[in-house]
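Below: the structure, in structure tokens.
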């Protein structure tokens, strides 16, 4: 006999768990399918903007987030080839500021909160097929030793845009010269001021640094595939991550100064290519949350915020319908699609412009010249990227 649920969510990252917690709080039965064992390390900037503090409270992890996260980020900066440029980080509601928490910690906190709300977690299990029905649909899931069939009225894809798989919601892997590949590592012993989060601009890519939990300095960056190939020629016998890291240190004196004497806290992780852009948040009767619905270039450090908010917004729209028949799902899907675009479209378009400039051959110099003359543009950019935009479902 198939296991029956109201909703099945594929993926236990911030988007999937936020959806699950929101629906479970409505009294719905929820299953979460996650292919990876936790804790896991992910390529991610790990910064969570201040407007998400209330959302984290409602998700049940606010106290733990505040206890474990790194210091408040009160300043933003540009690290490029020239002198450092700094500006104030615009606060969220009241005097709150954003902070960073490692994904290995945050994902586990959120998944535990989903369990506490009553969600059933299948981990590590992989979803291999979705068969849509008029009233209920089924998902085939597999572990290393078993196969099960789960059924639900609502299907939610929260598996991310980078994950390989056979589901129709998985994106095709197409390699192009201008693709961006992502890298991340933690360091101990860095010399970055505790309240500062710099944007790093270098030929062929961009990145950022921020203090996270357990005195870990998080460095993440994206680099174009063609620029990475050139960097690897300049650092023969080096891994892709090390070649890019050497390229950054040689291009950005401030980064080299911050990391002088610092030690890696664990190996590099890599992912990609990233697939920025706006996709369909509801298609073929499947809801999408997180970056499978739409993805911003990481240059604006809004990935976690967009994931959490998209899941909570979807739960709010589904919560307006007592029964999830096909008409209710279609109505919720249309409302969710509209709310999603209103919340995220501007920041995705802004990020595309900024990343195009930053990764161009002279982008770092252009950004240095403009921001050096107008430092307030750093604060304005942070605001336009959504760091002060409230979550509509919380109003």
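Values in this text are rule-based calculations from the coordinates and carry no lab data. The structure presented is a predicted model; accordingly, all values stated were derived computationally and were not measured. Heads up, the Cβs are rebuilt from the backbone with ideal geometry, glycines too, and the neighbour counts pull from every protein chain shown.
Mind ranking 104-111, 347-354 by how tightly packed they are, going by the mean number of other C-beta atoms within 10 angstrom, highest first?
104-111, 347-354
Comparing region 1-151 with the 2.2 N^0.38 Å rule of thumb, its C-alpha radius of gyration ratio is 1.27 (two decimals). Taking every alpha-carbon pair under 8 Å whose residues sit at least 6 apart, region 264-395 reaches a relative contact order of 26 percent. Put simply, when 377-383, 189-195, 72-78 are sorted by average Cβ atoms within 10 angstrom per residue, most first, you get 72-78, 377-383, 189-195.
The Cα atoms of region 8-58 give a gyration tensor whose axes a ≥ b ≥ c have a/c of 1.5 or more with a/b no greater than b/c, which makes the shape oblate. Kindly list the residues of region 299-316 that lie in the label zone of residue 40, defined by a backbone N under 17 Å from the point 7 Å along the Cα-to-C-beta vector. In region 299-316, the label zone of residue 40 (backbone N under 17 Å from the point 7 Å along Cα→Cβ) covers 304, 307-308.
Treating r as the C-beta distance of residue 149 and residue 226 and R0 as 51 Å, the FRET efficiency rounds to 0.70.
Segment residue 346..residue 132, full-extension length gain: 73.8 nm, with 0.36 nm per residue of separation and the alpha-carbon distance subtracted. Given R0 = 22 Å, the distance between the Cβ atoms of residue 81 and residue 215 translates into a calculated FRET efficiency of 0.15.
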